[in-house]
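See below for the structure under consideration.
The values are calculated or read from the model by the stated rules, or taken from the named source; none is laboratory data. Given the structure is predicted, the values throughout are model-derived calculations rather than measurements. Cβ coordinates were reconstructed from backbone atoms using ideal geometry, including for glycine residues, and neighbour counts include every protein chain displayed.
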């Protein structure tokens, strides 16, 4: 198991310090103030190298000389001041690398193949509840129409998701659903779940778990038992776009 000292050395090396520089800085933080000989003994940096190491640390603004001291005495700059520029530089470099790699990935990514399963009848409604139970991070329900008993069971399960701190996105088209339930009851569901109304352009409902599995549902109030569902797996790239869009909608004043 790595000691606490070695973990500090490794962390400082990730910020760009050499091993000798990291050991010398840690030793000086421990000593408070010290001359080169003391720092060499405490850190294990050879005497033949210690002055070069201290010179680089001083040039980098990580340590400083105490004026007028003979022999020269050094003190450490407080870590939050000394290391913050290094941490910020590392963060910027990693962020830039990620952005460049994302562009490379997007330019070479092949079109994903989706896996699709067809459901019919009551199995569609069972698939809705199954997706709720499988959700671990986010859950989207965008409902054009569901029978009242299915909708009420879905809302009950969404309450449980919120209690588990899972993000719920809940949208309903009240024009159709008010045939099944009173408008004030629908509005109560929206208020409780932090949802919104929407106007469906096509008579389809969408259920999505973790933006990785999507269930597209066709059901009509005229014949709710004759419903169809398409469960799609493996659309993470598209799911991320959908999630970003929903987060943007929630952040905008119009959706509040």
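Within the option set 94, 53, 45, being at negative phi, assigned to a loop (DSSP other than H, G, I, E, B) and either within 41 Å of the chain's Cα centre (by Cα) or at pLDDT 90 or above (or both) holds for one residue only, 45. Checking 134, 213, 179 one by one, the residue that is out of contact with any strand residue (DSSP E or B) (no Cβ under 6 Å at 6 or more places or on another chain) and either touching a residue at least 12 places away in the same chain (Cβ under 8 Å) or not assigned by TED's automatic domain parsing to the domain that holds residue 231 (or both) is 179 and no other.
Within segment 171-180, which residues are surrounded by fewer than 21 Cβ atoms within 10 Å (Cβ to Cβ) and at pLDDT 90 or above? Matches in segment 171-180: 171, 173.
Reported count of residues in segment 113-141, each being part of a strand (DSSP E or B) and crowded, with 22+ Cβ neighbours inside 10 Å, is 3.
Please tell me if residue 20 is in a helix (DSSP H, G or I), surrounded by 12 or more Cβ atoms within 10 Å (Cβ to Cβ) and modelled with pLDDT of 90 or more. Taking the combined requirement at face value, the residue satisfies it. Condition check: surrounded by 14 or more Cβ atoms within 10 Å (Cβ to Cβ) and modelled with pLDDT under 85. Does residue 195 satisfy that? Judged against the criteria, residue 195 is not a match. Looking at (1) under 21 Å from residue 227 (Cβ atoms); (2) in contact with a helix residue (DSSP H, G or I) (Cβ under 8 Å, 6 or more places away or on another chain), which is the one condition that is false for residue 176? Only one criterion is unmet by residue 176, namely (2).
When residues in segment 56-78 are screened for being in a helix (DSSP H, G or I) and surrounded by 13 or more Cβ atoms within 10 Å (Cβ to Cβ), 3 of them pass. Going by the conditions given, is residue 147 within 14 Å of residue 205 (Cβ to Cβ), at pLDDT 90 or above, in the same structural domain as residue 218 (by TED's automatic domain parsing) and surrounded by fewer than 18 Cβ atoms within 10 Å (Cβ to Cβ)? Here the answer is yes, as residue 147 does meet what is asked.
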